[in-house]
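Here the structure is laid out as structure tokens; the discussion comes afterwards.
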There are 4 protein chains.
Amino acid sequence: MNYQQILEDIYDEIKPYAHQGKVADYIPALAKVNPDQFGICITTIKGDTYTLGQVDTPFSIQSITKVFSLAYSFSILGDMLWQRVGKEPSGTAFNSLIQLEVENIPRNPFINAGAIVVADTLLSHLKSPEEDYLEFVRTISGNPRIDYNREVAASEKEKGYLNTAIANLLKYHGNLNNDIDDVLRFYFLQCSIEMSCRDLSKAFLPFANHKCAFHFGNVHLTASQVKRINAIMQTCGFYDEAGEFSYLVGLPGKSGVGGGINAVYPGRYSVAVWSPRLNSKGNSVMGIKALELLTTRTRESIF
Amino acid sequence: MNYQQILEDIYDEIKPYAHQGKVADYIPALAKVNPDQFGICITTIKGDTYTLGQVDTPFSIQSITKVFSLAYSFSILGDMLWQRVGKEPSGTAFNSLIQLEVENIPRNPFINAGAIVVADTLLSHLKSPEEDYLEFVRTISGNPRIDYNREVAASEKEKGYLNTAIANLLKYHGNLNNDIDDVLRFYFLQCSIEMSCRDLSKAFLPFANHKCAFHFGNVHLTASQVKRINAIMQTCGFYDEAGEFSYLVGLPGKSGVGGGINAVYPGRYSVAVWSPRLNSKGNSVMGIKALELLTTRTRESIF
Amino acid sequence: MNYQQILEDIYDEIKPYAHQGKVADYIPALAKVNPDQFGICITTIKGDTYTLGQVDTPFSIQSITKVFSLAYSFSILGDMLWQRVGKEPSGTAFNSLIQLEVENIPRNPFINAGAIVVADTLLSHLKSPEEDYLEFVRTISGNPRIDYNREVAASEKEKGYLNTAIANLLKYHGNLNNDIDDVLRFYFLQCSIEMSCRDLSKAFLPFANHKCAFHFGNVHLTASQVKRINAIMQTCGFYDEAGEFSYLVGLPGKSGVGGGINAVYPGRYSVAVWSPRLNSKGNSVMGIKALELLTTRTRESIF
Amino acid sequence: MNYQQILEDIYDEIKPYAHQGKVADYIPALAKVNPDQFGICITTIKGDTYTLGQVDTPFSIQSITKVFSLAYSFSILGDMLWQRVGKEPSGTAFNSLIQLEVENIPRNPFINAGAIVVADTLLSHLKSPEEDYLEFVRTISGNPRIDYNREVAASEKEKGYLNTAIANLLKYHGNLNNDIDDVLRFYFLQCSIEMSCRDLSKAFLPFANHKCAFHFGNVHLTASQVKRINAIMQTCGFYDEAGEFSYLVGLPGKSGVGGGINAVYPGRYSVAVWSPRLNSKGNSVMGIKALELLTTRTRESIF
């Protein structure tokens, strides 16, 4: 498959969408990002890399971090994790408190409530949570320069009223073991990590490489566990647009409000795409369009 | 892959679950089914068939019919269908009115509200809806003896207070064009079709055969459209257990309260399984267990 | 208290509101009513009557009928009625299905779901439900010419998708004993009764006369039961504007989408007001304004 | 009316309920209260006082404070207050976040969310909020020894996850102007005030005395405004049991989880009752029973 040519064709075709959507502006650090950026990077199981655009510019990965934190926690707790967080699509906006009030445990680890519980499990089980988490992300992406952006994390925490509401509700229901402030600080730090498309694409390759077990630093997952994380990405990875993404793109993936998306084609490749303008559901406009065209033109999808 | 041996191993392993769960008993015709039945049938793209148990006993396919009706309607309306029904997981029980009251259009074609809208579109566009629909199902499964069970359909309609509530709500919101009674009669008839595992497995093979376009009688779908139907099965096919099924089994599929499930592994096979005892979510206990073991033992899943 | 002078002053003051709001137009029979009509009639415990405007024009009482049906059913079932319908304000729009789906019994007898259950109880206990109900309304208002408008009732039934949905949901939950169609036909007939302000004002006088027991035809209520019906009017009589009406007017009352409102001041008077234009909550704009001014100018309210 | 005799009769009749219900135990300071206490105190407009039981024992007034804070804020903001808080019954449990998520402003000032907004308005407008608020309560009850219980307030704040969630949600929606911690500290302090039945009964007398304007320290309300506060007590004063209380007792009132209730009969009396054991809705079992018997035996209610 001539992925390089396909990327170039895709780029021509998505240019008309370049000014659609709106950069996340709920904190200044995100609002000031230049909206007119785009990058896409495919890394194949065989080891090839195909890139187009700004693939080496680090950006705020935001909710994409939830895949890393889930992998870490799942490697520690195994199926016991599912006693504290579900694995069903949420059916409502990603930050909805309604489901939480009715059902007590978050529907899945990719809505904020679920990721906050996952952060709580890591705080309980890791010796040096901040260092250990960063180390894992650096190891899996093979880039030791990846780091937290503490200014972004602090800014998120300051304006994080909704997530603070969620954390308090979880605590009320007995589903947070650590101090609320500590959990939120760690959660926002996880989201503040900055990575490039190249970093992300490489970091997700082990999820595409589903025939091998997963061993990165202290994080060990069986092939079956990796597949199960992919399954959760498929049904829950795009807020309340998971069905739409599955329909249009047909690959498991995870998006973030920084404008990044990483999708994986199990057995073939990992692809990271980034463009800061978001649609009304909080997903990158050009990112989704590019991935839709990728699976259309390659005629490759899991379905 | 020695599927026959795997089926036999699976059967040994799921025997302990043989008496778990409860047959659907909301209408007499379903309640009187012998609960101690089990059958599984794999049909591969290459044309091989592997069977175990009661694979030739017809049973009520119930909600599995929603895949056929979606395929038929999608072939007629294309993407215009999505103006009247969504494609997001529902996040609540399959018959919930709450979402409908808040959002006006059904979340997806596999909850009852969505399938009732789909039935309405077929009533509007088919010359002889009942005959045409049956003919399509007979053609796709290659079995001309397949038929409606009119006693089951009448019984469902008589006790169908919840579905009648849903249909009235849809009519109130302007999302039904035909007479409510006509739509419900057709909808229940679609659900009443009786097929065996062998029939179902064959009827779903075109969904597994995603490289080819789909041409059965009057129903024509592109390869891309077939994949998209698979994507919807993946995110929405199991009521509010879609995430769990995706996690455990990792294949797109659709279940029915008659105890049947059909899953497809795009590019490989279609598999039908049937056992009448249901779990609390309305899905076959042995059916889900068998499929979980199938993808575990073959190490084959879309993820 | 010079009520006549006060009514005239009020009329001057509410004239500017004469063209605000919108006549109910969901059925033709209501939509064709001349919107520029207004009448108000006070009947005191002492026996005096004060009128202004079109007080002898009959109009569709619609939901005001729910007070009569509650009185009738309560006289038959006593507190057993509360096993099938609650007495708490609904907190959502009057026809919401959400509460019903979550709680199974209607929150109160003045939302549609509750009134449909009440109609069902009357169908079960009255020998000739239609005749008996009409006879009761004629007796309590002292006007033997009051009648159903069968054209309105038929028209409501034809377009009554939402109420049909509600009735089916009640049946599904086992909270309707009679045939759905029979219950709805009777319910819509009750709502179709036409009365003038003078009729209504007189018919509600026994609710104001809370020191006496209530004996009209076959309907017998203790003074305590009458007070309790007033209490329910106070907390539930105005759809999701009950709090606002209580705040502005301070009297128990009941409104209908025909533009009528009847309020009672226990120990003093009953007041009926009618003007067809409705606010966004379905209550008469001029009606609410007139009653607000009445209690403001007389400085009389239950609080 | 021989209120003293009636109180004694009531006490005999409610004794069988003395051990029903459960003391609020969500914080130690409330859990350790002796549950077997009961007091009732009637203060009439004419100036007479009737008492029975422990009418001079101070207890935690908790949510009853919401009437005082509403009165204070309403005297400052007038109808502008209603831009930030509604006046409709909530229809769900008093601490529900669901309505808040859907509607953004609290339904009424007597659910926690509403009272937190009211506390925020006082913080914004009072020079010395803590001192001013306490001074108002002391003035209206005529007891200068009334005080906050800072241990209870601190304990509530420490365990106040649900209220912290609510406050964060309000802040997120732009409906809190002050620092969340400051608002919550002030809110919990207001709830921690300790008063006896005698104090409460006297403090609510101005609400019963609806013919006079209200002037206590800096708090000035017109007769009309006092009536409107009574109206809100009637429709919203008892969490999701407001309809039931209105039905059984027929007076406006407000309850607290400390086991206190104060009701007013406009034009006649104010009555405070206290008994710590609560029903499942959070209202005093013996308190509600005593008030039901009071209006039954005196045959006096607003209806």
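Quick check on the stretch D:125-170: of everything there that is outside any helix (DSSP H, G or I) and basic (K, R), which residue is nearest to the other protein chains (Cβ to nearest Cβ)? Only one residue tops the list, namely D:K159.
The condition of being farther than 23 Å from C:S224 by Cα and of a type outside the set (S, T, N, Q) holds for only one of D:G237, D:G256, D:G250, that being D:G256.
Considered as a group, the residues in the stretch D:171-184 that are part of a helix (DSSP H, G or I) and not hydroxyl-bearing (S, T, Y) include one that is surrounded by the most Cβ atoms within 10 Å (Cβ to Cβ), and that residue is D:V183.
For the stretch B:14-65, what are the residues that are assigned to a helix (DSSP H, G or I) and among the basic types (K, R)? Walk me through it before giving the result.
Here is the first cut: in the stretch B:14-65, the ones assigned to a helix (DSSP H, G or I) are B:14-17, B:28-31, B:62-65.
B:K15, the sole residue that qualifies.
Screening the stretch C:259-268 for residues that are assigned to a loop (DSSP other than H, G, I, E, B) and within 14 Å of another protein chain (Cβ to nearest Cβ) and picking the one that is nearest to C:Q5 (Cα to Cα) gives C:R268.
Restricting attention to the stretch C:214-237, the residues being more than 12 Å from chain D (Cβ to nearest Cβ) and either in contact with a Gly (Cβ under 6 Å, 6 or more places away or on another chain) or not polar (S, T, N, Q) (or both) number 7.
So which residues in the stretch C:81-115 are outside any loop (DSSP other than H, G, I, E, B) and over 14 Å from the mean Cα position of the chain (by Cα), if there are any at all? First the steps, then the outcome.
Here is the first cut: in the stretch C:81-115, the residues outside any loop (DSSP other than H, G, I, E, B) are C:81-83, C:98-103, C:112-115.
C:L81, C:W82, C:Q83, C:I98, C:Q99, C:L100, C:E101, C:V102, C:E103, C:A113, listed by residue number.
Out of all the residues in the stretch A:48-57, is one or more small (G, A, S) and at pLDDT 95 or above?
Going residue by residue through the stretch A:48-57, those that are small (G, A, S) are A:53.
Those still in the list that are at pLDDT 95 or above too: A:53.
Looking for residues that are small (G, A, S) and at pLDDT 95 or above, one finds at least one in the stretch A:48-57, hence yes.
Report, by residue number, each residue of the stretch D:258-296 that is among the basic types (K, R) and either closer than 16 Å to D:S246 by Cα or modelled with pLDDT under 95 (or both). Can you show your working first?
Taking the stretch D:258-296 and keeping what is among the basic types (K, R), we get D:268, D:277, D:281, D:289.
D:K281, D:K289 - these are the residues of the stretch D:258-296 that are among the basic types (K, R) and either closer than 16 Å to D:S246 by Cα or modelled with pLDDT under 95 (or both).
One residue stands out among those in the stretch A:269-286 that are assigned to a loop (DSSP other than H, G, I, E, B) and more than 12 Å from every other protein chain (Cβ to nearest Cβ): the one that is nearest to A:T51 (Cα to Cα), which is A:S275.
Scanning the stretch D:173-201 for residues that are free of Cβ contacts under 8 Å to residues at least 60 places away in the same chain and closer than 13 Å to D:I116 by Cβ turns up D:N177, D:N178, D:D179, D:I180, D:D181, D:D182, D:R185, D:F188, D:L189. Within the stretch D:287-294, is even one residue in the same structural domain as D:K227 (by TED's automatic domain parsing), in contact with a Gly (Cβ under 7 Å, 6 or more places away or on another chain) and in a strand (DSSP E or B)? No. Among the residues making up the stretch B:131-146, those that are within 17 Å of B:V67 (Cα to Cα), touching a Lys or Arg at 6+ places or on another chain (Cβ under 9 Å) and surrounded by 15 or more Cβ atoms within 10 Å (Cβ to Cβ) are B:R138, B:I140, B:S141, B:I146. Considering (1) in a loop (DSSP other than H, G, I, E, B); (2) closer than 20 Å to A:F204 by Cβ; (3) within 14 Å of chain B (Cβ to nearest Cβ), the lone condition that A:L70 does not fulfil carries the number (1). One residue stands out in the stretch B:195-215 among those that are in contact with a helix residue (DSSP H, G or I) (Cβ under 8 Å, 6 or more places away or on another chain) and either of a type in the set (S, T, Y) or at pLDDT 95 or above (or both): the one that is surrounded by the most Cβ atoms within 10 Å (Cβ to Cβ), namely B:L200.
A quick yes/no check of all residues on (1) within 17 Å of the chain's Cα centre (by Cα); (2) among the hydroxyl-bearing types (S, T, Y):
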{"residue": "C:S155", "(1), (2)": "no, yes"}
{"residue": "C:Y161", "(1), (2)": "no, yes"}
{"residue": "C:N168", "(1), (2)": "no, no"}
{"residue": "C:H173", "(1), (2)": "no, no"}
{"residue": "C:N177", "(1), (2)": "no, no"}
{"residue": "C:Q190", "(1), (2)": "yes, no"}
{"residue": "C:I193", "(1), (2)": "yes, no"}
{"residue": "C:R198", "(1), (2)": "yes, no"}
{"residue": "C:P206", "(1), (2)": "yes, no"}
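I'd like to know if the stretch D:243-258 contains one or more residues that are out of contact with any helix residue (DSSP H, G or I) (no Cβ under 6 Å at 6 or more places or on another chain), surrounded by fewer than 24 Cβ atoms within 10 Å (Cβ to Cβ) and within 12 Å of chain C (Cβ to nearest Cβ). Scanning the stretch D:243-258, I find at least one residue that is out of contact with any helix residue (DSSP H, G or I) (no Cβ under 6 Å at 6 or more places or on another chain), surrounded by fewer than 24 Cβ atoms within 10 Å (Cβ to Cβ) and within 12 Å of chain C (Cβ to nearest Cβ), so the answer is yes. The residue pairs whose first member lies in the stretch C:54-81 and is touching a residue at least 12 places away in the same chain (Cβ under 8 Å), whose second member is among the basic types (K, R) and in a helix (DSSP H, G or I), and whose beta carbons are closer than 9 Å, counting only pairs six or more residues apart or on different chains, are C:V55/C:R198; C:D56/C:R198; C:F74/C:R228.
With respect to the stated conditions, A:K289 fails to be surrounded by fewer than 24 Cβ atoms within 10 Å (Cβ to Cβ), touching a residue at least 40 places away in the same chain (Cβ under 8 Å), over 21 Å from A:I10 (Cα atoms) and over 12 Å from the mean Cα position of the chain (by Cα).
Taking the numbered list (1) of a type in the set (S, T, Y); (2) more than 28 Å from D:Y161 (Cβ to Cβ); (3) under 18 Å from the mean Cα position of the chain (by Cα) in turn, D:Y133 passes all entries but (2).
The values are calculated or read from the model by the stated rules, or taken from the named source; none is laboratory data. What you see is a predicted model; the values in this text were computed from it and never measured. Quick reminder, even Gly has a Cβ in these numbers, built from the backbone with ideal geometry, and neighbours come from all protein chains shown.
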